[in-house]
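Derivation of every value follows stated rules applied to the coordinates shown; laboratory data play no part. All figures in this text were calculated on a predicted structure; none of them were measured in a lab. Virtual Cβ from ideal backbone geometry, glycine too; neighbours counted across all protein chains shown.
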Amino acid sequence: MNKNIKKIVLKFIPIIAWPFNVIPDDWRRNILFTFLVIESRIKNPKYALKNLLQLKDKLDLLINERALIYGGGEHPKHILMKYHDYFISNIPNGSNVLDLGCGYGAVARSIAMNVRGVNVTGIENNKERFNQAKLNNNLKNLDFIYGDVLEITNNTKCDVIVMSNILEHIDERVKFLRKIKELFTPKIILIRVPLFERSWEIAFRKELGINYFSDSTHYIEHTIEEFRNEMTDASLKIDDMQISWGEIWAKCRP
């Protein structure tokens, strides 16, 4: 949708939505469910399932958008999943840390605040997220750089690289991992990626021939075997690997 049109639509949503506020919550849910029941009876089960699952994707977008607003700009999953703790617990005191694709800086900020003596640099190529990260930063041991990590020319070296939900957004992942090893010479690389085997529905979506990724910009959502193979191909040794919240968490080293 064109951004200007989207702004106009969002502006008028409160007016459009007013009549719905008069209808009790249970009634609204039942009305919506009735439409979904009708949708599920159109044509054959495969057709209906594909449509319903694609509708679910759109519902997930709304849920995540509302969750961000609920969390005051930070997704509640950061607190509920406590996934910052994995990175914090695997970073030695006094390390120089690079958080690649740091988004609005939530993980980088947690590391800077909770690991003694660290210096953390977050790198982000989305201008809006970068600006948010800079705006929220008041820590002396935390900085942010805007740009593509492979085009940074200041020869930054580091002890630890953090990639939280980043690798799945990269097409040539093995080549990328080899390149960042060459550029930054890290001792530890901490990786978090979504797991393909997190639900039967993921495999079923693949069988139906529809998107089974949790994000449309993903190139892959790894099976455990695929992840192990890519780390081997990139000449990385997995020191620790855990499965939690439907994701792979790994501590690797060259």
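The angle separating the long axis of helix 3-22 from the principal Cα axis of greatest extent in the chain is about 50 degrees. Once C-alpha pairs closer than 8 Å and six or more residues apart are averaged by separation and normalised to the residue number of the chain, the relative contact order reads 13 percent.
Tilt of helix 173-184 relative to the longest C-alpha principal axis of the chain, in degrees (0 to 90, nearest 10)? With rounding to tens, the tilt is 40 degrees. Here the peptides 17-28, 113-124, 68-79, 217-228 are ranked by packing, the mean other Cβ count within 10 Å, and the order with the highest first is 113-124, 217-228, 68-79, 17-28. Calculated mean residue ellipticity, 222 nm, the chain: -15000 deg cm²/dmol, from DSSP H runs (n ≥ 4) at -39500 (n - 2.57) each, averaged per residue and rounded to 500. Taking amide hydrogens as placed 1.01 Å from N in the peptide plane, the amide H of Ile189 sits under 5 Å from those of Ile161, Cys252, Arg253, each at least 5 positions away in sequence or on another chain. Positive-end ranking of Cys252, Asn138, Phe213 along the dipole of the chain, with charges on Cβ about the Cα centre, is headed by Asn138.
Summarising the strand pairing of the stretch 116-247, around 15 percent of its internal DSSP beta bridges are antiparallel. Taking amide hydrogens as placed 1.01 Å from N in the peptide plane, the amide H of Phe144 sits under 5 Å from those of Gly122, each at least 5 positions away in sequence or on another chain. Relative to the longest principal axis of the Cα atoms of the chain, the long axis of helix 45-70 makes an angle of roughly 60 degrees. Once label points are set 7 Å from the Cα along Cα→Cβ at both Lys82 and Ser244, what is their separation, rounded to one decimal in nm? Result: 0.7 nm between the two label points.
Computed over the Cα atoms of the chain, the ratio of the radius of gyration to the Kirkwood radius (Rg/Rh) comes to 1.02.
Under 5 Å between amide hydrogens, built in the peptide plane, is the criterion, and for Ile248 it picks out Val193, Leu195 among residues at least 5 positions away or on other chains. Beta-bridge orientation, the chain: approximately 40 percent antiparallel, per DSSP, counting only bridges with both partners inside.
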